[in-house]
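Inspection log for the structure reproduced underneath, given as structure tokens.
The values are calculated or read from the model by the stated rules, or taken from the named source; none is laboratory data. Fair warning: this is a prediction, and the values are worked out from it, not measured in the lab. Ideal geometry is used to build each Cβ from the backbone, glycine not excepted, and the neighbour counts take in all protein chains shown.
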Amino acid sequence: MSNAIETHGLRYRAGKTFEIRDLALNVPTGAVYGFLGPNGSGKTTTIRLLLGMLRRVGGTIRVLDGSVPRDIVHVLARVGYVPERPHLYPSLTVAEALRFHGAFFSRWDGHWADELRSGFGLDQDAKLSRLSKGEMGKLLVLVALAQRPDLLILDEPTDGLDPVVRRDVLAAVLEYVSTARATVFISSHLVHELERICDWVGVMDHGQLVAELPMQTFKNGIKRLRVRNAPADIGDAPFVLLAREPGNGVAGESWVVRGWDASMHEYFTAIGAAVHAVDDLDLEDGFVELLRASRAPTA
Amino acid sequence: MFRQMLYTQLKWSLIALAALVVAGFAIPVLSVQRAGIVQPATWDAAVLLTAIRGWGVAYPILAGAVGLVAALTAWSHDHRGNHVYALSLPVARWKYAVLRFAAGGVLILPVVVALWVGGLAAGSASTIPNGLHAYPTALALRFGLATFVAYAAFFAIASGTSRTAAWVLGVIGALAVVQIVLSAAGVHAAFLPDALERLYTWPGPFELFTGQWMLINV
């Protein structure tokens, strides 16, 4: 399977405190890729690097088989972008904004844009500066979709929207993806939202990619284990130990692990320990544990 | 693409542009009318020329104002959004700048035309003393060139970030300070007046703004 987005050793520095370090993203073509991370982790910066808005310090970026920034004009013609903050000119009306935007995209579908506008209940004569947050959110998704893009890059597209609008926006995106077989790269810190729609997930923290794996693996692979008689040194474990919390003798220790498989019970037998409970963690808990593990000081 | 660029810039500058069009038409007309008020019955050539010359300063000021408005409206909305929108459009940065520049260039034309029409109207409605002639077309052409030069200069400054503008102003300020210090120390190095003179004398770009701006002349 080819990748819609690929970065290798991507580096970027902003000021003295923030940097993106050796970022290696691989977003499979046709995937709905959730780009998770806390505020300030580098999600928006990464997106701006992918779109050629910022200059990388090192590494390579390929988007839709084009090299960024060299082929950026051709790349942008095939990318629908919804930024973190509204970027359209606020002094224009909805109809004017659609006309302006459409003039730059050869694949612009004006008829569908009108259909979406009606479906979203947007008044074409309304000035953008007077739109509510929800209406603006819908308009941003509308203009990105009406370009008929091969890749949608959505930066916190539902942040601050009410649940009804959020559902409308995501439904429109998913409907387009299912018919056009487009790739979606969606950044958010709303973990539950991504859990429902994504089939791949990448987790950023402090400018680094902490994990990148299929959503199913992420959801199934992160478990909380109750372990009795665990030795201090666990040797070469066949899983990644994200967190280890002491417990009382009856309940045993609480371990959060990634990459868990039922066959790994044998490992505990070998080290003289026993697992007496395996609990699924939802994506949010898994996300939190993953971040906690990535931030823990290494010995 | 260009039509949409033009439309947005027209929308953003419409009120200011309308006022400048009115001013462009009014200045030549008023200059002749004022001269007529001085000598309503029979125009004395010298009095007329003095009155017309008095209005001459209004043309370069208007040219600068038109250039400033056209340049600022070309970039202000992109600056406000940190250029995110412009950078997300599938058009090369240089081409985007050229489109914005060309659209602003088109928008200065109505003022030039208004000034030309105003000059024609003022010239044809006046009884010009023997030996004098009205030059509405030459005046409008000169005004158009001056406006374009002012627009290009302001456009170049406005296209940069506020940091760039601060650098430009900072360098000019530093040069001025150095010039003052050198003068105070008795060192003969008039590089700032020299630089200004180069800008305002031929072939300097601002030479157009200097000299007399006369609708009616010998």
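Determine whether the range B:144-158 contains at least one residue that is touching a Lys or Arg at 6+ places or on another chain (Cβ under 9 Å) and either among the hydroxyl-bearing types (Ser, Thr, Tyr) or farther than 30 Å from B:Arg80 by Cβ (or both). Can you show your working first?
We begin by selecting, within the range B:144-158, every residue touching a Lys or Arg at 6+ places or on another chain (Cβ under 9 Å); these are B:155.
Now drop any that are not either among the hydroxyl-bearing types (Ser, Thr, Tyr) or farther than 30 Å from B:Arg80 by Cβ (or both), which leaves none.
Taking every residue of the range B:144-158 in turn, none turns out to be touching a Lys or Arg at 6+ places or on another chain (Cβ under 9 Å) and either among the hydroxyl-bearing types (Ser, Thr, Tyr) or farther than 30 Å from B:Arg80 by Cβ (or both).
Could you please give the count of residues in the range B:195-209 that are out of contact with any Gly (no Cβ under 9 Å at 6 or more places or on another chain) and either in a loop (DSSP other than H, G, I, E, B) or under 15 Å from B:Gly64 (Cβ atoms) (or both)?
Selection size over the range B:195-209: 10.
Every residue, every condition in (1) farther than 28 Å from A:Ser106 by Cβ; (2) modelled with pLDDT of 90 or more; (3) more than 18 Å from the chain's Cα centre (by Cα), yes or no:
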{"residue": "B:Pro40", "(1), (2), (3)": "yes, no, yes"}
{"residue": "B:Ala46", "(1), (2), (3)": "yes, no, yes"}
{"residue": "B:Ala51", "(1), (2), (3)": "yes, no, yes"}
{"residue": "B:Gly64", "(1), (2), (3)": "yes, yes, no"}
{"residue": "B:Ser76", "(1), (2), (3)": "yes, no, yes"}
{"residue": "B:Gly81", "(1), (2), (3)": "no, no, yes"}
{"residue": "B:Trp94", "(1), (2), (3)": "no, yes, yes"}
{"residue": "B:Val106", "(1), (2), (3)": "no, yes, no"}
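Under 6 Å between Cβ atoms, which residue pairs at least 6 apart in sequence (or on different chains) link something in the range A:35-56 that is closer than 12 Å to A:Glu84 by Cβ with a partner that is part of a loop (DSSP other than H, G, I, E, B)?
Filtered contacts from the range A:35-56: A:Lys43/A:Gly37; A:Thr44/A:Glu84; A:Arg48/A:Leu54.
When you go through (1) in a helix (DSSP H, G or I); (2) surrounded by fewer than 15 Cβ atoms within 10 Å (Cβ to Cβ); (3) modelled with pLDDT under 80 one by one for A:Lys219, which number turns out not to apply?
A:Lys219 satisfies all of (1) in a helix (DSSP H, G or I); (2) surrounded by fewer than 15 Cβ atoms within 10 Å (Cβ to Cβ); (3) modelled with pLDDT under 80 except (2).
In the range A:138-151, which residues are out of contact with any helix residue (DSSP H, G or I) (no Cβ under 6 Å at 6 or more places or on another chain) and at negative phi?
A:Leu139, A:Leu140, A:Ala144, A:Gln147, A:Pro149, A:Asp150, A:Leu151
Which numbered condition in (1) modelled with pLDDT of 95 or more; (2) more than 26 Å from the chain's Cα centre (by Cα) is the only one that A:Ile153 fails?
So the condition that A:Ile153 fails would be (2).
Residue by residue through the range A:201-216, note down the ones that are under 24 Å from A:Val173 (Cα atoms), surrounded by fewer than 23 Cβ atoms within 10 Å (Cβ to Cβ), in contact (Cβ under 8 Å) with a residue 24 or more places away in the chain and among the hydrophobic types (A, V, I, L, M, F, W, C). Talk me through it step by step, then tell me what you get.
Of the residues in the range A:201-216, the ones under 24 Å from A:Val173 (Cα atoms) are A:201-204, A:212-216.
Then drop every residue that is not surrounded by fewer than 23 Cβ atoms within 10 Å (Cβ to Cβ), which leaves A:212-216.
Still in the list and also in contact (Cβ under 8 Å) with a residue 24 or more places away in the chain: A:212, A:215.
The one that is under 24 Å from A:Val173 (Cα atoms), surrounded by fewer than 23 Cβ atoms within 10 Å (Cβ to Cβ), in contact (Cβ under 8 Å) with a residue 24 or more places away in the chain and among the hydrophobic types (A, V, I, L, M, F, W, C): A:Met215.
I need every pair where a residue in the range A:83-98 that is assigned by TED's automatic domain parsing to the domain that holds A:Phe35 and more than 11 Å from A:Met136 (Cα to Cα) has its Cβ under 7 Å from the Cβ of a residue that is among the acidic types (Asp, Glu) and surrounded by 20 or more Cβ atoms within 10 Å (Cβ to Cβ), sequence separation at least 6 or different chains.
Close Cβ pairs (under 7 Å, with a partner that is among the acidic types (Asp, Glu) and surrounded by 20 or more Cβ atoms within 10 Å (Cβ to Cβ)) amount to A:Pro83/A:Asp155; A:Glu84/A:Asp155; A:Glu84/A:Glu156.
Restricting the range A:113-130 to residues that are out of contact with any strand residue (DSSP E or B) (no Cβ under 9 Å at 6 or more places or on another chain) and part of a loop (DSSP other than H, G, I, E, B), which is nearest to A:Leu88 (Cα to Cα)? Can you show your working first?
From the range A:113-130, those out of contact with any strand residue (DSSP E or B) (no Cβ under 9 Å at 6 or more places or on another chain) are A:113-122, A:129-130; that's our starting set.
Next, only the ones that are part of a loop (DSSP other than H, G, I, E, B) stay: A:121-122.
Numbers: A:Gly121: 18, A:Leu122: 15 Å.
It comes out as A:Leu122.
Please go through the range A:12-27 and give me each residue that is part of a strand (DSSP E or B) and surrounded by fewer than 16 Cβ atoms within 10 Å (Cβ to Cβ), ordered by number.
Looking only at the range A:12-27, we keep the residues that are part of a strand (DSSP E or B), and these are A:12-14, A:18-23, A:26-27.
Of everything in the range A:12-27, those that are part of a strand (DSSP E or B) and surrounded by fewer than 16 Cβ atoms within 10 Å (Cβ to Cβ) turn out to be A:Arg13, A:Ala14, A:Phe18, A:Asp22.
Could you list, in sequence order, the residues of the range A:54-67 that are crowded, with 21+ Cβ neighbours inside 10 Å and at negative phi? So that I can check it myself, show each step before the final result.
Within the range A:54-67, the subset crowded, with 21+ Cβ neighbours inside 10 Å is A:61, A:63-64.
Listed by number, the residues that qualify are A:Ile61, A:Val63.
Quick one: is A:Val278 in contact with a strand residue (DSSP E or B) (Cβ under 7 Å, 6 or more places away or on another chain) and either farther than 30 Å from A:His189 by Cα or modelled with pLDDT of 80 or more (or both)?
Working: in contact with a strand residue (DSSP E or B) (Cβ under 7 Å, 6 or more places away or on another chain): yes; either farther than 30 Å from A:His189 by Cα or modelled with pLDDT of 80 or more (or both): yes.
Taking the combined requirement at face value, the residue satisfies it.
Just one of the numbered conditions (1) surrounded by 20 or more Cβ atoms within 10 Å (Cβ to Cβ); (2) of a type outside the set (Asp, Glu); (3) out of contact with any helix residue (DSSP H, G or I) (no Cβ under 8 Å at 6 or more places or on another chain) is not true of B:Lys95; which one?
(1)
Among the residues of the range B:78-92, how many are more than 10 Å from A:Leu76 (Cβ to Cβ), in a helix (DSSP H, G or I) and facing chain A (nearest Cβ under 7 Å)?
2
Just one of A:Arg166, A:Arg117, A:Arg181, A:Arg78 is within 10 Å of chain B (Cβ to nearest Cβ), within 27 Å of the chain's Cα centre (by Cα) and of a type in the set (Lys, Arg); which is it? If you could, list the steps in order and put the result at the bottom.
Values: A:Arg166 fails: within 10 Å of chain B (Cβ to nearest Cβ); A:Arg117 fails: within 10 Å of chain B (Cβ to nearest Cβ); A:Arg181 fails: within 10 Å of chain B (Cβ to nearest Cβ).
Of A:Arg166, A:Arg117, A:Arg181, A:Arg78, the one residue that is within 10 Å of chain B (Cβ to nearest Cβ), within 27 Å of the chain's Cα centre (by Cα) and of a type in the set (Lys, Arg) is A:Arg78.
Of all residues being touching a Gly at 6+ places or on another chain (Cβ under 9 Å) and of a type in the set (A, V, I, L, M) in the range A:90-130, which is surrounded by the most Cβ atoms within 10 Å (Cβ to Cβ)? Just the residue, please.
A:Leu98
List the number of the failed condition for A:Asn229; all other conditions in (1) of a type in the set (S, T, N, Q); (2) on the phi < 0 side of the Ramachandran plot; (3) surrounded by fewer than 15 Cβ atoms within 10 Å (Cβ to Cβ) hold.
Going through the list (1) of a type in the set (S, T, N, Q); (2) on the phi < 0 side of the Ramachandran plot; (3) surrounded by fewer than 15 Cβ atoms within 10 Å (Cβ to Cβ), A:Asn229 breaks only (2).
When both residues are 6+ apart or on different chains and their Cβ atoms are under 7 Å apart, which pairs have a first residue that lies in the range A:166-189 and is closer than 14 Å to A:Gly137 by Cβ, and a second that is in a helix (DSSP H, G or I) and small (Gly, Ala, Ser)?
What qualifies is A:Val169/A:Gly137.
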